[in-house]
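The values are calculated or read from the model by the stated rules, or taken from the named source; none is laboratory data. What you see is a predicted model; the values in this text were computed from it and never measured. Cβ placement follows ideal geometry from the backbone for every residue including glycine, while neighbour counts extend to all protein chains displayed.
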Amino acid sequence: MNYIKIDGYSIVNSNALTPGREDVYAGEYTNANGELIADLIGWKYSDLTLSWDTLPQVQLEKILTTSGAFELTFIDPVEGETTESVIRASAVSTKTRYTNNGNIVWKDVSFSVRFLNVHS
């Protein structure tokens, strides 16, 4: 898969997309001995920065118009094609705009996402 999908819209795959996982805990407290105690309730994907060397204007516009939660589809090395609910966790960064064969292209585009789904 040489692309990711944002709300079903295909976008060129991000540079080195390597999703990580983190544990999710509930009922966290510190006991009288100063030990941190918590219940492991599952896992979720870790926050992730998506970046592109170049991105066409129409694909950048799709990223810029996302608000609130949206669906991100990508390839997980373990699970295969995966769709998760995410929110943008940073502003979209763009450095340079240029024209390539009459098409507007943006260079060095990036933004971060926070995954919302928790899996058991």
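Some observations on this one:
- From the options L60, L116, residue that is at pLDDT 95 or above and under 26 Å from Y25 (Cα atoms): L116
- Scanning the range 53-68 finds one or more residues that are acidic (D, E), closer than 30 Å to V105 by Cα and free of Cβ contacts under 8 Å to residues at least 24 places away in the same chain.
- Selected residue (criterion: farthest from the chain's Cα centre (by Cα)) from residues of the range 3-51 that are within 22 Å of T65 (Cα to Cα) and among the polar types (S, T, N, Q): S10
- Within the range 1-95, strands (runs of 3 or more DSSP E) holding 3 or more residues that are surrounded by 13 or more Cβ atoms within 10 Å (Cβ to Cβ) and of a type in the set (A, V, I, L, M): 48-56
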